[in-house]
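Accompanying notes for the structure given below.
Derivation of every value follows stated rules applied to the coordinates shown; laboratory data play no part. Nothing here was measured: the structure is a model prediction, and the numbers come from that model. In this analysis, Cβ positions are derived from the backbone assuming ideal geometry, glycine residues included, and neighbour counts consider all displayed protein chains.
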Amino acid sequence: MIKINLLGVKKEKINIPIVMGMDFRAISWTGVILSIIIYFGVQESINIYYNQEIDKIKEKTRLEELKFKKIKKDISNHERIKNMLNEFEVKKEQLKTKTQHVSQILENKSNPRKILERLARDIGNDLWFNVIRVQNDQINISGTAYNYHSIGGFIARANESKFFGGSFKILNEEVKTESIMVKGKATNVEHFEAEGKIISYE
């Protein structure tokens, strides 16, 4: 085969320099490009993998936060129940105290039933009670009688009992006289107040 150089100029070879001892003419550029593609492909795969892992961690964190909020709410509910139980215990102790107080009263036999029975026997037929008050070992009676003598007899009989120890007396020595109709007839009656200290309930 005959080659003709029409330009009349001799073609020279391109000399690629050697840099740092590396001959670029010996490098397979196809391999370099392929390596770069593989590198970036692997890097992208790694990024996708770790992004997926990060998403999993975020989701797990979100679920844990929901669990924490639920636990916190349950603790709050438990505190409310605890407070209710504490209130119940307080009321139970109050009821226990009241029960003990009532039991103590019964043990001290401070029921005035026997006293009232004795007073009912002492009033006779010409005297009656309007109001009886018993409080703090003190008895107060507002009553009415047909005459002052009946009032004096009642006071004397009451003081003979062991309940008052002779302390029964007319309050302020005041007796009020009033005229009322009894069976169609005007009759004078005496209103009085008496008081005494309860010495014994038995």
| remark: The simple spin-label model distance between ILE75 and THR177, using points 7 Å out along Cα→Cβ, in nm, is 8.6 nm
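Would you mind ranking TYR148, TYR201 so that the residue whose beta carbon has the fewest other beta carbons within 10 Å leads the list? Write out the running numbers ahead of the final one.
Numbers: TYR148 13, TYR201 16.
Exposure proxy ranking, most exposed first: TYR148, TYR201.
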| request: Enumerate the calculated ³J(HN,Hα) couplings along the range 184-200 in order (Karplus 6.51 cos²θ - 1.76 cosθ + 1.60, θ = phi - 60°), each rounded to whole Hz, writing x wherever the residue is Gly or Pro. | output: x, 10, 5, 9, 7, 10, 10, 9, 9, 10, 10, 9, x, 9, 7, 8, 9
| said: Test of understanding: ordering PHE40, PHE129, PHE154 by Cβ neighbours within 10 Å, fewest first, what list do you get? | reply: PHE40, PHE129, PHE154
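Multiplying the sequence separation of TYR148 and TYR201 by 0.36 nm and subtracting their Cα-Cα distance, what value in nm do you get? Walk me through the intermediate numbers first.
Details: separation 53, 0.36 × 53 = 19.08 nm, distance 2.82 nm.
Between TYR148 and TYR201, full extension yields 16.3 nm more.
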| message | Rounded, prolate or oblate for the range 113-197? Axes are the square roots of the Cα gyration tensor eigenvalues, ordered a ≥ b ≥ c, and the cut-off for rounded is a/c under 1.5. | response | prolate
| remark: Placing each pseudo-label 7 Å from Cα in the direction of the beta carbon, LYS185 and ALA156 end up separated by a distance in nanometres of 2.6 nm
| task | Work out, step by step, the length gained on full extension between ASN136 and ASN47: first 0.36 nm times the residue separation, then minus their alpha carbon distance; give nm to one decimal. | result | 23.0 nm
| query | Which FRET efficiency, nearest 0.05, do LYS58 and VAL90 yield, Cβ-Cβ r, R0 41 Å? | reply | 0.30
